[in-house]
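These notes are about the structure you will find just below.
The values are calculated or read from the model by the stated rules, or taken from the named source; none is laboratory data. On a predicted model such as this, the values are computed, not experimentally measured, just so you know. Quick reminder, even Gly has a Cβ in these numbers, built from the backbone with ideal geometry, and neighbours come from all protein chains shown. The area values use the complete protein model at the heavy-atom level, side chains included, leaving out ligands, DNA and RNA. Shrake-Rupley method; radii C 1.70, N 1.55, O 1.52, S 1.80 Å.
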Amino acid sequence: PEQCSRAVAVQRRVDCHPQPGATQENCEARGCTWCTTDVPNAPWCFFPEDSPYGYSLGGNAEKTAKGWRVTLNKRSQLSLFGNDISPVVVDVEFQTKDRLRFKIYDPNTERFEVPLKIDSPGVAAEDTSYDVEFTDDSSHFRIKRKSTGTVPLVDLFFSNQYLQITTTVPSTSVYGFGEHEHVSFKHNMDFVTYGMFSRDQAPTPFANLYGVHPFYMCVEDDSNAHGVLLLNSNAQDVSLSPNPSLTFRTIGGILDFYVFLGPTPENVVQQYTEAIGRPHMPAYWSLGFQLSRWGYGSIDVLKETVNRMHRYDIPYDVQHLDIDYMERRLDFTYDKENFAGLPEYLQELKKAGMHNIIILDPFISKDEEPGTYRPYDLGEEMGVWVNNSDGVTPAVGQAWPPGDAVFPDYTNPKTVEWWTQLCLEFKNVLDYDGIWIDMNEPSNFLQGQFPGCADNDINNPPYIPSISDRSLAEKTLCPDSKTYLGEHYNTHSLFGWSQTAPTFHAAQQATGKRAFVLSRSTFVGSGKHGGHWLGDNFSQWKDMHYSIIGMLEFNLFGMPYIGADICGFNYNTTYELCLRWMQLGSFYPFSRNHNEQDPAFFGEEFAKISRATLRIRYSLLPYLYTLFFESHVHGNTVVRSLMHE
């Protein structure tokens, strides 16, 4: 009790035992303080005020052409997870008037860095809106807004498989971080932790979902706003504390931060997209209402649905085809029995002014008769698969196609060539206008590939962030699988991102028009080449509410072409829920009903109300199109919260 009365105040505690299973004994063995508390989720094991951890200056801060360089040495032998790295270097780059980068890395060993190209000017920007100040021992530094105050950064850990940094934030108005199903747009700061690692998982609060966006915006008490990106693709989590502070933890790569000084929320997003890539300019037709369903089952049901929509005169421009159009769920095929005449029917829809979207999955069946399934044969010949840890044999898992499947490695230029060729060839079979890429987390119906994941530090690192099942291999491939850019441990969450640009360019080449790509898995910068929907949501009122939060967040992430499955995807919807959702969804930037209960399903009255709401949308399309133009050219949001105004 005496120790606890002198300890760090509860709201300022930083967890010293972030993995499960903390006890007083193992806490104190780390040199940390153990004090119980009845404050929910507050850590019982935490760093003392005079923590022996962290780094201190190994020499004077030196001026460089781009800003500053500081070398830091580890203070003590104490270690959280072993293999600590010392010295580490902090490079501070004054990139633009309102953008600062600071990069913390190992000067002696090359570590994985996200291959997203962000232009770094050769010289420091002049007349910046910020200053950087180092404390006397340079173990802490502050980014200071010249006009007002500070954003200090403190307490660093840098080991081979565990990197942590804590920063205080100037207010509790924090937004962003994804992809999650957040229950409010402004975050709760009461010791809440969010994991980020792409995963095939239906939206559930606190679960790590399909994409990874380690970006947040903070609105300061004087209403100035700033944004911060941690450009890191490893499994990671972030803890929000009432101090207020944020603690970032990641298990690989480097700590590569970009700070955007705003000062308005809209300026923050403009500066962020200037760095990561402006959102693509969507085709005008893709702002029309869209219809989809998993389970039409036959061309007759598809035709009946389309005819019913037209019979009720419901505005409707785009028809999607989910995996049931394929022959036995094999990419680049169509079911010539149940969907006989599909190529001709798509042509017919196009003549009537409609557009067609096909779905493609990122796994390829390896068990077809040799010589009968070109996507596999050509891929095998070109060597395009994600490999096992030996770097030679393809990783084999299971997914939608019959038998076993292999996984294309889109970080490999040969794979891009292979994928482009197949997309161009398939355009001659089904006359599509856009491509919907699904399951690209990448999803696998096993825990790791055959025959399971080896027991090593890559597959079972000393710390696994706060992600579902605390597993890096659940429903995906083993972390020690090899991709062109390195281990899946580093590149897993980049899979969807690496597939999006090649699909965008292939669709552009195939159609000769602006590309339409809709991707389930996304990463920082995905908006440059694709849109997103909020995944396999549920036909429940709360999901309709949370879709608004998801839309606002993806606009912060530079992905304004965003919407949720109208009426819900999982479970059966009800008349009233679906009607209200049609009224809301009519104003999603990406407006698509993906449910067995389409707007013409419920009869005349429902159709009449849906028609009226959609007609309001259509009357506003020139305005929506202009918003997308401003987003593409200047990086503005399309859907924004009122504070942006």
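Quick notes on this structure:
- Looking across the stretch 396-410, the residues that are buried (at least 19 other Cβ atoms within 10 Å of the Cβ) and part of a loop (DSSP other than H, G, I, E, B) come down to ALA399, PRO401, PHE407, ASP409, TYR410.
- Residue, nearest to THR305 (Cα to Cα), within the stretch 583-593, restricted to residues that are out of contact with any Lys or Arg (no Cβ under 6 Å at 6 or more places or on another chain) and open to solvent by less than 10 Å² (accessible area, probe 1.4 Å): ASN593
Quick grid of which residues meet (1) surrounded by fewer than 13 Cβ atoms within 10 Å (Cβ to Cβ); (2) of a type in the set (Ser, Thr, Tyr); (3) not in a strand (DSSP E or B):
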residue: HIS17; (1), (2), (3): no, no, yes
residue: GLU25; (1), (2), (3): yes, no, yes
residue: VAL89; (1), (2), (3): no, no, no
residue: PHE112; (1), (2), (3): no, no, yes
residue: LEU116; (1), (2), (3): no, no, yes
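- Options GLN3, GLN77; residue that is surrounded by fewer than 16 Cβ atoms within 10 Å (Cβ to Cβ), assigned to a loop (DSSP other than H, G, I, E, B), free of Cβ contacts under 8 Å to residues at least 40 places away in the same chain and of a type in the set (S, T, N, Q): GLN77
- Taken over the stretch 454-470, residues that are open to solvent by 20 Å² or more (accessible area, probe 1.4 Å), part of a loop (DSSP other than H, G, I, E, B) and over 22 Å from THR411 (Cα atoms) amount to 8.
- Subset of the stretch 250-270 [in a helix (DSSP H, G or I), of a type in the set (S, T, N, Q) and over 20 Å from the mean Cα position of the chain (by Cα)]: ASN267
- Count of the stretch 243-293 residues, restricted to those that are hydroxyl-bearing (Ser, Thr, Tyr) and open to solvent by 10 Å² or more (accessible area, probe 1.4 Å), is 2.
- Qualifying residue in the stretch 166-189 (condition: of a type in the set (A, V, I, L, M) and over 29 Å from ASP38 (Cβ atoms)): no
- Of the residues contained in the stretch 299-311, none is found to be assigned to a loop (DSSP other than H, G, I, E, B) and farther than 26 Å from TRP533 by Cα.
- Boolean, GLY496 is in a helix (DSSP H, G or I), small (Gly, Ala, Ser) and open to solvent by less than 10 Å² (accessible area, probe 1.4 Å): yes
- Identity of the residue in the stretch 474-493, assigned to a loop (DSSP other than H, G, I, E, B) and open to solvent by less than 10 Å² (accessible area, probe 1.4 Å), that ends up farthest from GLU110 (Cα to Cα): THR476
- Residue tally, condition open to solvent by 10 Å² or more (accessible area, probe 1.4 Å), among the β-branched types (Val, Ile, Thr) and in a strand (DSSP E or B), over the stretch 142-191: 4
- Qualifying residue in the stretch 634-645 (condition: among the acidic types (Asp, Glu), surrounded by fewer than 16 Cβ atoms within 10 Å (Cβ to Cβ) and over 30 Å from GLY277 (Cβ atoms)): no
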